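Okay, structure first, notes after.
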Amino acid sequence: MTYPINVLVNLPVHANISGPLTYLHTQSLEAGTLVRVPFGKSEVLGIVWHAPSDEHGQPLPVDNWVQVNSGTLIKGPAPKSPLVLKQISSVIEGIKAIDLQWLDLVGFAARYYQRSLGEMALQALPPQLRDLDATQIARRLKKSSDRKKPPQSKPTDTPRDSEVQSVEAVLGYPVQTAHTLTREQEQAVRMIQTQDGAFLIFGSTGSGKTEVYLQCVQSTLANDPLAQVLVMVPEINLTPQLEERFKTRFAPLLNHWGASSLVSMHSAMTPAQRLQSWLAAHSGVARIILGTRMSIFASLPHLKLIVVDEEHDPSYKQQEGARYSARDLAVYRAKQLGIKVILGSATPSLESWHHAQNTHDIAHPSKYQLIAMPSRIGQASMPKVQIIDLNRQPRGTVFSKELLEAIKTRVQRGEQALILLNRRGYAPVLHCQDCEWKSACLHCSAYRVFHKVDRTLRCHHCGVVERVPRHCPSCGNADISPLGKGTEQLEELLHDLLADVRQANGEPLNILRIDADSTRLKGALNNQLAQVHSGEVNILVGTQMIAKGHDFRRMTLVAALYPDTALFSSDFRAPERLFSLLLQAAGRAGRDADLSTSSPSEMWIQTQYPEHPLFEALRHYDYPQFAAQQLSERAQGYLPPFSFQALIRADARSQTDAQLFLNTARERSAEVLEEIRRQRPNSQSPWLKIEPTLYPAIPMTLQRIANIERAQMLIECESRLMMQEYLKLWQHHLHQLQPQFKGVVRWVVDVDPLTI
Ligand code: ADP
Ligand code: ZN
Ligand code: ZN
């Protein structure tokens, strides 16, 4: 007999097919089974979405189905003509079917982020699984099967509700004794262990959040002999540090379980490593999974806890292809599985903060439980904020005298300073004083940045690199000069300004720069970070890369040089990001209480707007005050989290094309709404009455990149459900319209966009 099987494959976007395709097979297959199927001229990986069955769940052979309706079969009388469907080429042996919860997660993500099911599902798998054929995969599997088998479920005494057994008791192996928890840590751990749901730990940098995660991971593993836990961090460069901490803490357990019981998942791993980690997670062998945003899609059949560290970090949002938020999907996944999820941050996203506020309404309790951990570990306190008013400094001041003195004092005592400037290169612009020539990029609406190290002008957007011209390309003047400052120039300037200063041991100062340029080579970043940790670096200059997460023990001074641009950005999230960046940066200082006892550590800010409420809130590290002020502005403006947003972005040969395309699609709005309501003739659902607002198309802030003009249209809606339905149907119109707009190269939908 032959059975129809609906299979997800990664279809090209322009196919405009969002569901599975139907293939035939000699037997019915379980949903989640990996298969190879013919597609076009090639063979590709597919995932069985479902095999049609009768009302008793029995698979139905193909004779019972008649119609192929955009890939799906409809039950009916015997077909008049045989179906022209292709056979599945092979079933991938040795990998058990991915579970239904995973398929549901992928289905939700596809619907919510407006991507096709196949794309969502297939991009969530390690690339080698897609690229290798069945025999090659079989070989890989054989290789890894030598490793430990998954643990067998063995009956243990179920722990009483309030009493959590230690991993020690379950396994008879000691776990390295942790610190004595602080009261705040203890309360946090107890609350998470005894209650259900989603938790938001609002904890200062250095308050010991990671320790809370470790404790919760430990009790989760102890409570269930098969449990898997997923711990996410925003950046790849934070994973080694985290991995180290988990390995040290759980060493005896990991030894007992085998090498694959702790795995990492991030994009800097080789394809072979990624496949190994994925298989370890999928088979249940991996018990602790540490990863960046992509790990939210790992197949984890026994997932029991998710931790999202630094939950506010924009890196959790994928910025190309399927633009999902791993943080939001983590919350979804936890809810779906009925497990706990812990979000942690010193500066929660305003969305999460809002969801954790007491609603004073029993019928609508807050979505997340708030756990506050305001104190830093030990005697360490947050650095004292020093604000320098640049208006009172001589024009062109880069380092105020006061700041320079403070840096000197610190480094002479053997302490470290961190200088933050969010702009790499030597100078953002080169210009000619005679004719006003500026180093504009010919292909983008941006300036090429001057890099002195290799004397190049580089466009950070399209990547064009050129030698610095000797003379002004426009008037021939030999005197062209840098405008503005980048990290390279700061490094040079500090060398000059501090040339006479010596370290405690009499050696000259060691100034290190860390940014995307200094870390281009593999391993460079880890090397550089190691130099900072070892204490051989006196002053660290860098971009936001160094502001996050790192536990620099000897850092006692942090300075942010020009934070002002974000204050007046057209992006309503800019202040939130700035506050969080400055607070995270401040959190790098004063982590070692002993160093701060002689004189408290310092956070310096040089600004032209010293009175700005953002700096005022920062002065007292008063995130709640800042958040309350921002949220009230957002509420007035109907901005998220009080409404939902989506962006449609069009790339085209001309700005007119891009805008016209979007604006024409906008005119179909009434039709789309009508369609949505027509599909639900008898529904009284209140969301059906809500209409989204579509703003006219505008050029993007960076209007042109690599000669492509970019425009965007903002959509706002009070109802999440309406937004979803609307976007789904409206996209068909976009697909339909695109051929009429020859200049339009591509368009994308970004749901819950982070930058506007
Ligand atoms: P966070 O994740 O909130 O920034 P960490 O968990 O990294 O904080 O803790 C900061 C430092 O304090 C780390 O070096 C950690 O080892 C240490 N630490 C954490 N909890 C305790 C504790 N209860 N007693 C002593 N030291 C602790
Ligand atoms: Zn000139
Ligand atoms: Zn360019």
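Residues to consider are Asp479, Asp517; find the one that is away from ligand 3 (no atom under 16 Å from the Cβ), open to solvent by 30 Å² or more (accessible area, probe 1.4 Å) and outside the structural domain of Asn538 (by TED's automatic domain parsing).
Result: Asp479 is the single residue among Asp479, Asp517 that is away from ligand 3 (no atom under 16 Å from the Cβ), open to solvent by 30 Å² or more (accessible area, probe 1.4 Å) and outside the structural domain of Asn538 (by TED's automatic domain parsing).
Taking Asp389 as the residue in question, decide whether it is among the acidic types (Asp, Glu), open to solvent by 40 Å² or more (accessible area, probe 1.4 Å) and either over 24 Å from Arg573 (Cα atoms) or within 16 Å of ligand 2 (Cβ to nearest atom) (or both).
The answer is no for Asp389.
Can you work out which of the residues in segment 660-715 that are farther than 20 Å from Ile648 by Cβ and touching a residue at least 60 places away in the same chain (Cβ under 8 Å) is most open to solvent (accessible area, probe 1.4 Å)?
Residue satisfying both the conditions and the ranking: Asn707.
May I ask you to list the residues in segment 527-569 that are among the hydrophobic types (A, V, I, L, M, F, W, C), more than 16 Å from ligand 1 (Cβ to nearest atom) and part of a helix (DSSP H, G or I)?
Result: Ala530, Met545, Ala566, Leu567, Phe568.
State whether the residues of segment 213-227 include one that is acidic (Asp, Glu), modelled with pLDDT of 90 or more and within 14 Å of ligand 1 (Cβ to nearest atom).
Checked segment 213-227: no residue is acidic (Asp, Glu), modelled with pLDDT of 90 or more and within 14 Å of ligand 1 (Cβ to nearest atom).
From the residues in segment 414-429 that are among the small types (Gly, Ala, Ser) and crowded, with 21+ Cβ neighbours inside 10 Å, which one is farthest from ligand 2 (Cβ to nearest atom)?
Ala417
Among the residues of segment 430-468, count how many are over 26 Å from Leu561 (Cβ atoms), surrounded by fewer than 16 Cβ atoms within 10 Å (Cβ to Cβ) and within 13 Å of ligand 2 (Cβ to nearest atom).
Looking only at that region, the number is 3.
Consider Arg413 carefully, then state whether it is touching a residue at least 40 places away in the same chain (Cβ under 8 Å) and either away from ligand 3 (no atom under 16 Å from the Cβ) or under 36 Å from the mean Cα position of the chain (by Cα) (or both).
yes
Of Phe297, Phe250, which residue is among the aromatic types (Phe, Trp, Tyr) and within 22 Å of Ala198 (Cβ to Cβ)?
None of the others qualify; the one that does is Phe297.
Are any residues in segment 237-252 touching a residue at least 12 places away in the same chain (Cβ under 8 Å) and either in contact with a helix residue (DSSP H, G or I) (Cβ under 6 Å, 6 or more places away or on another chain) or open to solvent by 20 Å² or more (accessible area, probe 1.4 Å) (or both), and if so, which ones?
Selection gives Asn237, Pro240, Gln241, Glu243, Arg245, Lys247, Thr248, Arg249, Ala251, Pro252.
In segment 375-405, what residues are touching a strand residue (DSSP E or B) at 6+ places or on another chain (Cβ under 6 Å) and either hydroxyl-bearing (Ser, Thr, Tyr) or within 16 Å of Val541 (Cβ to Cβ) (or both)?
Ser400, Leu403
So, of the residues in segment 98-113 that are open to solvent by less than 20 Å² (accessible area, probe 1.4 Å) and in a loop (DSSP other than H, G, I, E, B), which turns out to be nearest to Ser28 (Cα to Cα)?
The extreme case among them is Ile98.
Might you let me know whether segment 542-554 holds any residue that is without any contact (Cβ under 8 Å) to a residue 60 or more places away in the chain, open to solvent by less than 70 Å² (accessible area, probe 1.4 Å) and among the small types (Gly, Ala, Ser)?
Within segment 542-554, none of the residues are without any contact (Cβ under 8 Å) to a residue 60 or more places away in the chain, open to solvent by less than 70 Å² (accessible area, probe 1.4 Å) and among the small types (Gly, Ala, Ser).
Residues of segment 215-236 being buried (at least 21 other Cβ atoms within 10 Å of the Cβ) and in a helix (DSSP H, G or I), which ones?
Answer for segment 215-236, where residues must be buried (at least 21 other Cβ atoms within 10 Å of the Cβ) and in a helix (DSSP H, G or I): Gln215, Cys216, Val217, Gln218, Thr220, Leu221, Ala222.
Only one of Gln357, Gln336 is surrounded by fewer than 24 Cβ atoms within 10 Å (Cβ to Cβ), in contact (Cβ under 8 Å) with a residue 24 or more places away in the chain, on the phi < 0 side of the Ramachandran plot and away from ligand 2 (no atom under 16 Å from the Cβ). Can you tell me which?
Matching residue, one of Gln357, Gln336: Gln336.
Failed condition for Glu491, given (1) surrounded by fewer than 17 Cβ atoms within 10 Å (Cβ to Cβ); (2) not in a strand (DSSP E or B); (3) not hydroxyl-bearing (Ser, Thr, Tyr), with all others met?
Of (1) surrounded by fewer than 17 Cβ atoms within 10 Å (Cβ to Cβ); (2) not in a strand (DSSP E or B); (3) not hydroxyl-bearing (Ser, Thr, Tyr), only one is false for Glu491: (1).
List the pairs whose first member sits in segment 571-582 and is closer than 13 Å to Glu633 by Cα, whose second member is assigned to a helix (DSSP H, G or I) and polar (S, T, N, Q), and whose Cβ atoms are under 8 Å apart, counting only residues at least 6 apart or on separate chains?
Pro575/Gln630; Glu576/Gln630
Scan segment 494-514 for residues that are in contact with a Phe, Trp or Tyr (Cβ under 8 Å, 6 or more places away or on another chain) and surrounded by 16 or more Cβ atoms within 10 Å (Cβ to Cβ) and report the count.
1
Answer with yes or no whether Phe572 is open to solvent by less than 10 Å² (accessible area, probe 1.4 Å), within 27 Å of Pro610 (Cβ to Cβ) and either aromatic (Phe, Trp, Tyr) or assigned to a helix (DSSP H, G or I) (or both).
When the stated conditions are applied, Phe572 does not pass them.
Count, please, the residues in segment 94-124 that happen to be among the small types (Gly, Ala, Ser), in contact with a Gly (Cβ under 9 Å, 6 or more places away or on another chain) and closer than 15 Å to Gly32 by Cβ.
3
Do you know which of the residues in segment 462-486 that are free of Cβ contacts under 8 Å to residues at least 60 places away in the same chain and among the basic types (Lys, Arg) is nearest to Val449 (Cα to Cα)?
Arg467
Out of everything in segment 584-633 that is in a helix (DSSP H, G or I) and acidic (Asp, Glu), what residue ends up being nearest to Gln412 (Cα to Cα)?
Out of the qualifying residues, it is Asp594.
Report yes if Glu320 is assigned to a loop (DSSP other than H, G, I, E, B), open to solvent by less than 10 Å² (accessible area, probe 1.4 Å) and among the acidic types (Asp, Glu), otherwise no.
Judged against the criteria, Glu320 is not a match.
Here's a check for you: in segment 253-271, which residue that is in contact with a Leu (Cβ under 8 Å, 6 or more places away or on another chain) and buried (at least 16 other Cβ atoms within 10 Å of the Cβ) is nearest to Arg293 (Cα to Cα)?
Result: Met265.
In the list Lys401, Lys384, Lys367, which residue meets the criterion of being within 30 Å of the chain's Cα centre (by Cα), open to solvent by 60 Å² or more (accessible area, probe 1.4 Å) and either assigned by TED's automatic domain parsing to the domain that holds Arg591 or not acidic (Asp, Glu) (or both)?
The conditions single out Lys367.
Identify, please: which residue in segment 280-317 is open to solvent by 20 Å² or more (accessible area, probe 1.4 Å) and not charged (D, E, K, R) and is, among those, nearest to ligand 2 (Cβ to nearest atom)?
Checked segment 280-317; the qualifying residue nearest to ligand 2 (Cβ to nearest atom) is Pro314.
Could you say which residue among His360, His355 is over 27 Å from Lys548 (Cα atoms) and out of contact with any Cys (no Cβ under 7 Å at 6 or more places or on another chain)?
Going through His360, His355 in turn, the sole match is His360.
The values are calculated or read from the model by the stated rules, or taken from the named source; none is laboratory data. Just so we're clear, the structure is a prediction, and the values are computed from it rather than from any experiment. Every residue, glycine among them, receives a Cβ derived from its backbone with ideal geometry; neighbour counts consider all protein chains shown. The accessibility values were calculated without ligands, DNA or RNA, using every heavy atom of the protein model including side chains. Shrake-Rupley method; radii C 1.70, N 1.55, O 1.52, S 1.80 Å.
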